[in-house]
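Q: Dumping the structure here so I can ask a few things about it.
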Amino acid sequence: FNLFFTTATLYLLYYYTDVLGLSPSTAGWVFASALIWDAVFDPVMGYVANRTRTRWGRYRPYLLFGGLPLAASWTLIFLPVEFEGSALVLFAASAHILFRTLYAVVSMPYLALSAVMTSDSQERGVMAGIRMVSAATCGLLSAFFTLALVKAFGGGSTGFFWTAIIYGAIATVIFLIVFASTREVAADPHE
């Protein structure tokens, strides 16, 4: 998730202004509109995931089926386009909102997964600690390598696009590994 989150936090406004050519205020509104939508949609997704029942559990299917669409939506943000003016703003906002929607579809169930992997609070704490250290490490790697990758792929929108493809592919593989290597075994306290 931090391949997406850190890169968006550090570089997306730069991409909107310096690569796409949006004004700083317009770029800020595009970013803010997606964040507002995210704040509205996250609880809805949590509600839906908590009521999901499949042979794979409640939360794991979102990793299996949501990873690739999430990666595709991430790549769409950086798709080199020839739009200008209102069309560019509409494209940027729509792509960002789609990404935030799919990010919630996968991340909300993922965050709830540790609660059903074990009923031992100490094990949950260890899992949360490992998750946070891994997230910070990934964030640092993303901060360090993103612009170097963008440059290696030719810079500009093309460089960002290919970097987004690489990050999306890595994230999708990790989501599949997490799906395959976890089990939901703890009893549901609501049942």
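The values are calculated or read from the model by the stated rules, or taken from the named source; none is laboratory data. The structure presented is a predicted model; accordingly, all values stated were derived computationally and were not measured. Here the Cβ positions follow ideal geometry from the backbone for every residue, glycine too, while neighbour counts run over all protein chains shown. Side chains included, ligands, DNA and RNA excluded: accessible areas come from the protein's heavy atoms. Shrake-Rupley method; radii C 1.70, N 1.55, O 1.52, S 1.80 Å.
Q: Can you give me the angle between helix 85-117 and the longest principal axis of the chain, using Cα atoms only, in degrees from 0 to 90, rounded to the nearest 10?
A: 20
Q: Something else now. By what distance, in whole Å, do the Cα atoms of the chain stretch along each of the three principal axes, largest value first?
A: Principal extents (largest minus smallest coordinate, Cα): 53, 31, 24 Å.
Q: Relative to the longest principal axis of the C-alpha atoms of the chain, give the angle of the C-alpha long axis of helix 60-77, reported between 0 and 90° and rounded to the nearest 10°.
A: 10
Q: Let me ask something additional. Of the heavy-atom accessible surface of the chain (probe 1.4 angstrom), what whole percent is carbon and sulfur?
A: 70
Q: Normalising by the residue count of the stretch 1-149, find the relative contact order in percent from Cα pairs under 8 Å and 6+ residues apart.
A: Contact order relative to length: 37 percent.
Q: Sticking with this one: Could you provide, to the nearest whole Å², the per residue accessible area of the stretch 82-191 with probe 1.4 Å?
A: 56
Q: Toward the positive end of the charge dipole of the chain, about the Cα centre and with charges on Cβ (Lys, Arg +1; Asp, Glu -1), which of Ser181, Leu90, Pro109 goes farthest?
A: Farthest towards the positive end: Ser181.
Q: I want to check the label-to-label distance for Ala112 and Thr52. Put each point 7 Å from Cα in the C-beta direction and report it in nm to one decimal.
A: Between Ala112 and Thr52, the simple spin-label model gives 0.9 nm.
Q: While we're on this one: Normalised by the number of residues in the stretch 104-191, what is the relative contact order in percent for Cα pairs under 8 Å and 6+ residues apart?
A: 42
Q: In nm², what is the average projected area of the convex hull enclosing the Cα atoms of the stretch 92-191?
A: Its average projected convex-hull area is 8.1 nm².
Q: Hey, what angle do you get for helix 121-152 against the long axis of the chain, alpha-carbon based, 0 to 90 degrees rounded to 10?
A: 20
Q: Would you work out the charge dipole size for the chain about its Cα centre, treating the Cβ of every Lys and Arg as +1 and the Cβ of every Asp and Glu as -1, and quote it to the nearest 20 debye?
A: 380
Q: Would you mind calculating the relative contact order of the stretch 65-111 from Cα pairs under 8 angstrom and at least 6 residues apart, reporting the percent as a whole number?
A: So the answer I get is 59 percent.
Q: May I ask for the net charge around Ala32, where only other residues with Cβ less than 13 Å from the Cβ of Ala32 are counted and Lys, Arg are +1 while Asp, Glu are -1?
A: Once all neighbours under 13 Å are counted, the net charge is 0.
Q: Leaving ligands and nucleic acids out of the surface, order Asp38, Asp18, Asp120 by accessible area at 1.4 Å, largest first.
A: Highest to lowest solvent-accessible surface, that is Asp18, Asp120, Asp38.
Q: OK, next. Quick one: length gained pulling Asp18 to Ala39 fully straight, 0.36 nm per residue minus the C-alpha distance?
A: Full-extension gain reported as 4.9 nm.
Q: With every atom except the alpha carbons ignored, what do you get for Rg and Dmax of the stretch 4-79, in angstroms?
A: 15.6, 48
Q: Calculate, for Phe83 and Leu141, the FRET efficiency according to 1/(1 + (r/R0)^6) with r their C-beta to C-beta distance and R0 30 Å; round to the nearest 0.05.
A: 0.40
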